[in-house]
Amino acid sequence: MNILSDLPNNFKDEVFEVIASSDSLTIERIVSKGHTSPASGWYEQEKHEWVMVVKGHAILTFEDRELELKPGDYVNIPAMQKHKVSWTDPEQETVWLAVHYA
């Protein structure tokens with residue numbers, strides 16, 4: 001398997017694909033192309049999330065800062081930390097590797 005294979009060609013919504021999971025861990029591939037979080041509200045997840053941009057370009061927004069992510073960049077987001085995806089490249093796919101853990 002390859003995380004960059006079988007990318008969607010045209011898609012309206014972000015694509016979330018679980019690669020592996022257990023009771024305390026979920027690994028997923030997320031594919032975005034110009035997608036962002038909803039305009040109002042924040043993500044406040046029950047589990048911690050380690051996320052890396054494998055391909056593309058994105059900006060994550062936290063209450064106190066913005067973080068630009070390019071290929072190879074990653075961030076660990078503690079559980080219940082407010083955050084949102086404020087921008088992903090509309091010209092190419094942004095492929096994320098996300099690990100949700102307790």
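The values are calculated or read from the model by the stated rules, or taken from the named source; none is laboratory data. A quick note: this is a predicted structure, and the numbers were derived from the prediction, not measured. For the accessible areas, the whole protein counts, side chains as well, though only heavy atoms, and no ligand, DNA or RNA atoms are used. Shrake-Rupley method; radii C 1.70, N 1.55, O 1.52, S 1.80 Å.
The table that follows gives values for the structure above.
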{"read-out": "20 °C / 1.002 mPa s Stokes-Einstein diffusion coefficient of the chain, Kirkwood radius on C-alpha pairs, µm²/s", "value": "154 µm²/s"}
{"read-out": "Cα-based Lys proximity count in the chain, under 15 Å, for pairs eight or more positions apart or on separate chains", "value": "5"}
{"read-out": "Apportionment of accessible area to carbon and sulfur, the chain, percent (1.4 Å)", "value": "50 percent"}
{"read-out": "Accessible area, probe 1.4 Å, largest first, for residues His48, His100", "value": "His48, His100"}
{"read-out": "Protein-only accessible surface order, largest first, of Phe62, Phe11, Phe16 at 1.4 Å", "value": "Phe16, Phe11, Phe62"}
{"read-out": "Karplus-derived 3J(HN,Hα), 6.51/-1.76/1.60, for each residue of the stretch 28-36, Hz, glycine and proline x", "value": "9, 9, 10, 10, 10, 8, x, 7, 9"}
{"read-out": "Candidate residues Ser32, Ser22: accessible-area rank, largest first, probe 1.4 Å", "value": "Ser22, Ser32"}
{"read-out": "Chain lengthening between Lys47 and Leu25 when straightened (0.36 nm per residue, less Cα-Cα)", "value": "7.0 nm"}
